[in-house]
1. Using mean Cβ contacts within 10 Å as the protection proxy, how do 97-105, 277-285 order, highest first?
2. What FRET efficiency comes out for the pair Arg53/Arg90, r = Cβ-Cβ distance, R0 = 41 Å, nearest 0.05?
3. Express in Å², to the nearest 10, the accessible area of Leu186 obtained by rolling a 1.4 Å probe over the protein heavy atoms while all chains stay in place.
4. Give me the distance between the Cα centres of region 224-247 and region 6-65, rounded to whole Å.
5. For the chain, with a Gaussian network of springs between Cα atoms less than 10 Å apart, report the residue from Met200, Met117, Met229 with the top mean-square fluctuation.
6. So if a site counts as exposed when it's one of the trypsin sites (Lys or Arg not before Pro), its DSSP state isn't H, G, I, E or B, and it has at most 13 other Cβ atoms within 10 Å, what's the longest stretch of the chain without one?
7. Skipping prolines and chain starts, which residues have an amide H placed within reach, meaning under 5 Å, of the one on Trp89, given they are 5 or more residues away or on another chain?
8. What are the ³J(HN,Hα) values, in whole Hz, obtained from phi via the Karplus relation 6.51 cos²θ - 1.76 cosθ + 1.60 with θ = phi - 60°, for each residue of region 132-141 in sequence order, with x given for Gly and Pro?
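The values are calculated or read from the model by the stated rules, or taken from the named source; none is laboratory data. The model shown is predicted, which means the values in this text are computed figures rather than measured ones. Cβ placement follows ideal geometry from the backbone for every residue including glycine, while neighbour counts extend to all protein chains displayed. For accessibility, only protein heavy atoms count, side chains too; no ligands or nucleic acids. Shrake-Rupley method; radii C 1.70, N 1.55, O 1.52, S 1.80 Å.
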Amino acid sequence: MKGNHSTEEHFLLLGFSDWPSLQPVLFVLVLLCYLLTLTGNSALVLLAVREPRLHTPMYYFLCHLALVDAGFTTSVVPPLLANLRGREWRLERGGCLAQLCASLALGSAECVLLAVMALDRAAAVCRPLRYAGLASPRLCHALAGAAWLGGLTNSAAQTALLAARPLCAPGRVDHFICELPALLQLACDGGGQDSTERQMFAARVFILLVPSAVILASYGGVARAIWAMRTRGSRRKAMSTCGSHLTAVCLFYGSAIYTYLQPTHSYNQRRGKFISLFYTVVTPALNPLIYTLRNKEVKGAVRRLLGGVGRGQDAQ
């Protein structure tokens, strides 16, 4: 048995208080990443909505990814910035669970959405002649809805299971957010709680490994299709189409799997904070750059949009 059950109504998030000399640097980096996330993802959504040439399934799903990333980072960054300025960040149990629920819902939705985008890319490369029929607007709406619903369902289940678990004193969370692995280290042993933790672990395995399997299967089909192409130009075009998405998948899934698929007893809090910082703050800031930096369609859309704004100002 661990210590007595906690009767405290508040959790103290320690953040990076054990790295005081690093806090000012982290504050600047986190703030820059947050501004880049909001600016880049907002611009991506604006372009996809305003530019008719980007009204395709790929950019429809990319809009949803941009919204998820912006929301995901917003659920994490404001309290983190306050913590990095030296303030103690205390949350009531309800507030902590609400933050957990929001970040889990958006993170889980991103897991499913990345798998949906992999299916879309596989259909575009492997079945180009049938792609328009396969990726119908109704199916795209259904798949995007399934990503959001899957994220909310997983989050509600995990949060409810955690809320039912007694937590042992003291209520000090060695993290910058109320993240599941850190909170589970406060959970008391015994009373059938091992069964609850197994259920939570199974849910995490499902939401991470099932989409991972879909992504691997999709890119297995893409690799076979590229290998069968006869011209170098076709291969290069297919690889550039999928390369951006594959980069985003590796960045997100690598850090998320490390964080959520470790047994609670072996979870390293100090290392876990930096891994979490990467996939909650850095990756959402990089995604707009990853998807647009080498994308000719987006660059053309930016030029046309800026050209239209310039002509409008000249007309005035």
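1. On the way: 97-105: 20.8, 277-285: 22.7.
The packing order, highest mean first, is 277-285, 97-105.
2. Values: r = 50 Å, r/R0 = 1.21.
After rounding, the FRET efficiency stands at 0.25.
3. Approximately 20 Å² for this residue.
4. Cα centres, region 224-247 to region 6-65: 30 Å.
5. The residue that fluctuates most here is Met229.
6. Working: sites that count: Arg85, Arg87, Arg130, Arg230, Arg294.
The segment 131-229 is the longest one with no such site.
7. So Trp89 has HN proximity to Leu13.
8. Coupling constants for region 132-141: 4, x, 5, 9, 6, x, 4, 5, 4, 4 Hz.
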